[in-house]
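To start, the structure under review is shown below, and the notes come after it.
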Amino acid sequence: MIIFISRWSQNVNGVTVEQVLDCPCAKMAFQRASCNNTEMTVPHQRIEDESVIKLYYQIGRELGKGSFGVVVHATHISTDRTWAIKKLNKEKAGSQAVKMLEREIAILKMVNHEHIIKLEEVYETTKKVYLVIEFCELGELKGILEEKGHLSESETKHIISSLASAIFYLHKNDIIHRDLKLENILVKSNDNTDDNELKLNIKVTDFGLSVLKDGAGVGSESMLQDTCGTPLYMAPEIINNYDYSKQCDLWSIGIIMYILLCGQAPFTATSSEKLYEEIKKGDLDFSHSSLKSISESARGVLKSLLIVDPAHRMTASELLNHRWITGDTSQKKQPTNVLEMMKQWKLGINSDNEEDVVKENGVSEDNNLAHSETDPKTDFNSNKVPPPTAKPTASRQKRHSIDISPLPTNFGSKQPPGFNRRGRRKSESAEARHQVLTYVSSLSFNSSPMGLPERKAF
């Protein structure tokens with residue numbers, strides 16, 4: 001085990017307290033934080049027993065209980081601020097759970113986002129670990145959903161917008177959550193008290209299965225292979241045992257959004273095998289009464305998030321900037337993959353140029369056709385043979401060294417003065433190429449010809 005330690009000690013009422021950073025991921029977390037020009041300000045203290053914590057916090061009621069830990073309410077004695085303290089027994093947890101805890105601590109020390117749970121400080125004895133974390137008085141999002149049955153589209157939009165912001169932040173910092181679900185989203189408060197419409201302030205929590213990857217969005221080195229997560233929220237590429245990346249989090253967001261809107265999961269079955277088959281098919285059912293009333297924009301977001309092929313699935317950035325989230329109805333629908341972008345660009349080159357030429361000339365298509373009927377000289381679609389033209393000049397003959405006959409009338413259309421088709425195409429080509437390169441750089445894995453990532457043979 002690699003231990004990276006920064007230590008100081010002091011005596012508090014006869015008890016020695018040490019400042020320590022000693023989890024396996026601490027060195028990597030510290031290096032990443034240094035690269036991001038942020039300071040690790042979360043204290044991690046070695047103590048002899050729980051009595052030291054009671055010098056600073058007044059322990060209150062029990063908030064929750066797990067197989068090897070408990071969460072209690074606590075109030076800081078000096079500041080009177082309320083916190084939650086998660087107490088975990090390392091002996092009961094076992095080595096695997098302790099590793100998950102160490103990983104969670106390392107990641108929580110790195111992050112700072114309004115919709116991610118805040119880790120205030122850590123205390124550790126030889127047998128137990130105490131995490132002082134942000135207190136969310138409304139509990140799990142799942143509990144609120146169970147009380148209401150389902151949420152309205154506007155309530156869901158507010159939650160998904162906050163969730164997208166948090167996941168975009170994590171992905172930007174090469175962190176993949178891997179276990180997004182209703183139980184791992186806490187609600188700190190309801191910011192809308194004027195009416196019955198909820199405006200929930202959510203916090204993403206539980207980073208035990210999260211992973212910190214260098215270059216989480218690009219290259220085969222960033223691909224993951226561990227099968228983990230909760231089956232109901234698990235992405236198809238994980239179930240199929242393909243290499244996967246941060247796009248698995250977007251699938252989970254789609255599942256959460258579907259459940260919030262109608263109160264039930266999109267894929268259900270009586271056994272794990274049948275559930276996995278349903279997920280791999282990815283057939284969405286919008287027949288639920290609550291889903292019939294949602295907007296087409298919301299329906300489009302659901303379909304884009306729950307695409308089986310992660311290469312075509314919406315990214316966190318695309319979700320955050322989608323018109324359903326931003327409310328900008330003037331936004332045009334953007335292609336979701338490279339092939340669609342190339343097709344759209346090709347069609348634009350072939351069709352839009354002629355329309356632009358007409359607009360620049362100030363002449364409508366109907367007027368042009370009418371003019372062609374009265375003036376045969378401008379009728380380029382005519383099959384009639386034009387009258388012979390004047391004999392080429394001597395200088396022209398000398399330059400080409402052959403007799404030049406007149407060009408056929410259907411050779412092409414004349415362009416207005418100052419019109420530069422080559423310059424226009426070059427500009428449009430550069431813009432389209434920039435869009436394609438931008439999209440490709442945002443992809444988080446190498447894909448096979450079928451669009452699904454492949455695992456290398458060893």
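Given their separation in residues at 0.36 nm each and the Cα-Cα distance between them, Glu296 and Lys99 gain 66.5 nm when the chain is fully extended.
Using the Karplus relation 6.51 cos²θ - 1.76 cosθ + 1.60 with θ = phi - 60°, the per-residue 3J(HN,Hα) values for the range 273-286 come to 4, 5, 4, 4, 5, 5, 5, 5, 6, x, 7, 8, 10, 9 Hz, with x marking Gly and Pro. When Asp179, Asp283 are arranged by Cβ crowding within 10 Å, least crowded first, meaning fewest neighbours, the order is Asp283, Asp179. Pop a pseudo-label 7 angstrom from the Cα along the beta-carbon direction at both Thr125 and His76 and give the gap in nm to one decimal. With each label placed 7 Å out from Cα toward Cβ, I get 2.3 nm. Sorting Thr205, Thr268 by the number of Cβ atoms found within 10 Å of their own Cβ, with the fewest placed first, yields Thr268, Thr205. Spacing of the modelled spin labels on Thr270 and Lys65, each 7 Å from Cα toward Cβ, amounts to 3.5 nm.
Amide H to amide H, with H built 1.01 Å from N, His115 comes under 5 Å of no residue 5 or more places away or on another chain.
A simple spin-label model places pseudo-atoms 7 Å from Cα toward Cβ; at Asn190 and His288 they are separated by 2.1 nm.
Given Cα pairs under 8 Å that are at least 6 residues apart, what percent is the relative contact order of the range 141-336?
Worked out over the range 141-336, it gives 23 percent.
What the Cα convex hull of the range 138-295 gives, in volume per residue, is 123 Å³.
How charged is the neighbourhood of Asn192? Take every other residue with its Cβ under 10 Å from the Cβ of Asn192, and add Lys/Arg as +1 and Asp/Glu as -1. In short, -4. Averaging the Cα positions of each part gives two centres, and for the range 173-199 and the range 119-172 these lie 5 Å apart.
Taking 0.36 nm per residue of separation and subtracting the current Cα-Cα distance, fully stretching the chain between Tyr56 and Glu278 would add 74.8 nm.
A cut-off under 9 angstrom between Cβ atoms defines the neighbours of His171, and their net charge, with Lys, Arg +1 and Asp, Glu -1, is 0. A 32 angstrom limit on the alpha carbon distance is what I want to check against. Which of Lys118/Lys148; Lys92/Lys157; Lys54/Lys109; Lys109/Lys303; Lys90/Lys148; Lys109/Lys157 exceed it? Going by Cα-Cα distance, Lys92/Lys157; Lys109/Lys303; Lys90/Lys148 fall outside the 32 Å limit.
Where a number appears in this text, it was derived from the coordinates with a stated rule and is not lab data. The shown structure was predicted, so the numbers you read here are calculated from the model rather than taken from an experiment. Every residue, glycine among them, receives a Cβ derived from its backbone with ideal geometry; neighbour counts consider all protein chains shown.
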